[in-house]
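Everything below concerns the one structure shown next.
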Amino acid sequence: MTIITVNAPRGRLGLEQRRELAETLTDAVLVPEVGQPAPAARVGFQVHFVERERDMMAIGGRLLSDADQGLDVMVIDIAVMDAAWQPDVRGQVIERVLAALAAAFGLEKPSPTWWVNFRVIDEGSWGSSGGVLSVLPLLDSGAFTEERVKAVRAALGV
């Protein structure tokens, strides 16, 4: 289970960009998480787009509405189930997310004012369908590569 939340100023993301990002941001996390682009795993990923008025966001101590109109502020929050999220895998996800954003906006490189938060939700702290979820039953679903299954089991000590 993964939730990606894109926080941006109102009007920054058009419909086509949201359509593109719904797919590319999912892929940016899914592939490193399970080790392959597994179609069956996609249902466990949600992307939420949150737009905020420019007077509800600030950078450098100034509201965007009072600052240079050229400021391009976004915060992307990624919440994932506890698994094998070593620093290199987290880094890969963050780089892939920033690259997907740059591509969606037709930019050569990501803006330095786009920030990504990567959060791991502890085992036993994620719920749905009337109960607590775990990544462990998902390991036998066929979505994860054998390499990722071994890495997750090792990371969780099982």
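The values are calculated or read from the model by the stated rules, or taken from the named source; none is laboratory data. Model, not experiment: these values are computed from the prediction. Cβ placement follows ideal geometry from the backbone for every residue including glycine, while neighbour counts extend to all protein chains displayed. Calculation scope for accessible area: heavy atoms of the full protein, side chains included, ligands and nucleic acids excluded. Shrake-Rupley method; radii C 1.70, N 1.55, O 1.52, S 1.80 Å.
Between Glu146 and Leu107, what FRET efficiency follows from the Cβ-Cβ distance if R0 is 25 Å, with the result rounded to 0.05?
Result of the calculation: an efficiency of 0.10.
Each residue of region 99-113 in order: what ³J(HN,Hα) in whole Hz does its phi give by Karplus 6.51 cos²θ - 1.76 cosθ + 1.60, θ = phi - 60°, with x for Gly and Pro?
Those phi angles translate into 5, 5, 5, 4, 4, 5, 9, x, 9, 5, 8, x, 5, x, 9 Hz.
Return the long-range amide H neighbours of Arg52 (sequence gap of 5 or more, or a different chain), with a cut-off of under 5 Å between placed amide H atoms.
Ala8, Arg10
Size of the dipole of region 9-146 about the Cα centre, Lys and Arg at +1 and Asp and Glu at -1 on the beta carbon, nothing else charged, in debye to 20?
320 debye
Over region 58-154, with every protein chain in place, what whole percent of the accessible area is carbon and sulfur at 1.4 Å, could you tell me?
Result for region 58-154: 53 percent of the exposed heavy-atom area is carbon or sulfur.
Ignoring everything except DSSP H segments at least 4 long, calculate the 222 nm mean residue ellipticity for the chain; use -39,500 (n - 2.57) per segment, divide by total residues, nearest 500.
For the chain, the value works out to -10500 deg cm²/dmol.
Whole number please: convex hull volume per residue of the Cα set in region 56-158, in Å³?
About 164 Å³ per residue, rounded to a whole number.
Take the Cα of Ala79, step 7 Å along the line toward its Cβ, and report every residue of region 44-72 whose backbone nitrogen sits under 17 Å from that point.
It comes to 44-51, nothing else.
What distance in nm separates the simple spin-label points at Leu15 and Gln36, each placed 7 Å from Cα in the Cβ direction?
Placing both labels 7 Å beyond Cα along the Cβ direction yields 3.6 nm.
On alpha-carbon atoms, Rg over Rh for region 23-78 using Kirkwood Rh?
Radius of gyration over Kirkwood radius for region 23-78 works out to 1.18.
What number comes out for accessible area per residue over region 1-111 if the probe is 1.4 Å? Units Å², please.
Ligands and nucleic acids excluded, the figure is 50 Å² per residue.
Report the paramagnetic label zone for Ala155: residues of region 105-135 whose backbone N is under 19 Å from a point 7 Å from Cα along the Cα-to-Cβ axis.
Of the residues in region 105-135, 116-127, 133-135 have backbone N under 19 Å from the label point off Ala155.
Leaving out ligands and nucleic acids, note down the accessible area per residue over region 116-158 with a 1.4 angstrom probe, in whole Å².
61 Å²
For region 11-17, take each phi angle, set θ = phi - 60°, evaluate the Karplus expression 6.51 cos²θ - 1.76 cosθ + 1.60, and give the result in whole Hz per residue in order, putting x for glycine and proline.
Per residue, the Karplus-derived 3J(HN,Hα) values read x, 5, 9, x, 4, 5, 5 Hz.
Give me, ordered by chain and number, the residues 5 or more places off Val47 or on other chains with an amide H under 5 Å from its own placed amide H.
The answer is Ile4.
Between Ala22 and Asp88, how many nm apart are label points set 7 Å from Cα along the C-beta direction?
Taking the simple label geometry, Ala22 and Asp88 are separated by 3.5 nm.
Using amide H atoms built 1.01 Å from N in the peptide plane, name the residues 5+ places from Val116, or on other chains, whose amide H lies under 5 Å from its own.
Ile76
What are the ³J(HN,Hα) values, in whole Hz, obtained from phi via the Karplus relation 6.51 cos²θ - 1.76 cosθ + 1.60 with θ = phi - 60°, for each residue of region 78-84 in sequence order, with x given for Gly and Pro?
Whole-Hz 3J(HN,Hα) from phi for region 78-84: 10, 10, 10, 6, 4, 6, 8.
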